[in-house]
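Here's the structure we're looking at; comments come further down.
The values are calculated or read from the model by the stated rules, or taken from the named source; none is laboratory data. The structure presented is a predicted model; accordingly, all values stated were derived computationally and were not measured. Here the Cβ positions follow ideal geometry from the backbone for every residue, glycine too, while neighbour counts run over all protein chains shown.
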Amino acid sequence: MPLLLKFCWILVVVNSLTIGGGFVMLPLLQQEFVEKYHWITDKEFLDAIAVGQLTPGPLTVMNAFIGYKIYGLSGSLLAMFSSYLPCVLIVTLVSKFYFAYKSSLIVNSSFRGIKAAVVGLLGAVAISLGHASLMDFPTLGIAVLSFAAISFAKIDPTFIIIGSGVLGALIYSG
């Protein structure tokens, strides 16, 4: 299978199977793009996440960034298409049957189990990416302060990202 088709197929499959928000797909994408196919490095994957967070539709932008890195402009465009296609199809189908099954015990129980798996997947990707981004004591300090500010002080993540960038620039520029 040609590289671009394999890349698009991975995006279609991952976007079709992830439940619980876009960040749930991060461990799957990291496993495929970084660990299995070595199309990008852990650092490039983190950069793609960071670039995506600066824009609306962060994970689509991240996928487009990775698509551009792998296959140029056509990779970027097909990454966006491959990211949206499964979502559009699934939402169309689910909306048709939602009211008939919304109170189903099996459906509700399944979603409770899926929620627990989502937390585990997010923890796994946090640990995996932490190894690539927590390189020294200052980066560990920034991560701990950011976590504390979001968790305990309930500071808007936008300010945490900007503040962490400024702090990183001050620490590492000189």
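May I ask you to list the residues in segment 40-59 that are surrounded by fewer than 20 Cβ atoms within 10 Å (Cβ to Cβ) and among the hydrophobic types (A, V, I, L, M, F, W, C)? Break it down into steps so the answer makes sense when it comes.
Residues of segment 40-59 surrounded by fewer than 20 Cβ atoms within 10 Å (Cβ to Cβ): 40-44, 46-47, 50-51, 53-58.
Passing the criteria: Ile40, Leu46, Ala50, Val51, Leu54.
Is it true that Thr55 is at pLDDT below 90, under 30 Å from Ala132 (Cβ atoms) and outside any helix (DSSP H, G or I)? Steps first, answer last, please.
Working: at pLDDT below 90: yes; under 30 Å from Ala132 (Cβ atoms): yes; outside any helix (DSSP H, G or I): yes.
Judged against the criteria, Thr55 is a match.
Does segment 130-165 hold any residues that are surrounded by 14 or more Cβ atoms within 10 Å (Cβ to Cβ), among the hydroxyl-bearing types (Ser, Thr, Tyr) and closer than 20 Å to Pro58 by Cα, and which are they?
Answer for segment 130-165, where residues must be surrounded by 14 or more Cβ atoms within 10 Å (Cβ to Cβ), among the hydroxyl-bearing types (Ser, Thr, Tyr) and closer than 20 Å to Pro58 by Cα: Ser133, Ser146, Ser164.
Name the residue that is farthest from Val24 (Cα to Cα), counting only residues in segment 127-174 that are assigned to a helix (DSSP H, G or I) and of a type in the set (Ser, Thr, Tyr).
Restricting to residues being assigned to a helix (DSSP H, G or I) and of a type in the set (Ser, Thr, Tyr), the top hit is Tyr172.
Here are some conditions: (1) at pLDDT 85 or above; (2) surrounded by 14 or more Cβ atoms within 10 Å (Cβ to Cβ); (3) not aliphatic (A, V, I, L, M). Gly72 meets all but one. Which one does it not meet?
Every listed condition holds for Gly72 apart from (2).
Filter segment 66-106 down to the residues that are of a type in the set (D, E, K, R) and either in a helix (DSSP H, G or I) or in contact (Cβ under 8 Å) with a residue 40 or more places away in the chain (or both), then identify the one that is farthest from Glu44 (Cα to Cα).
Lys96
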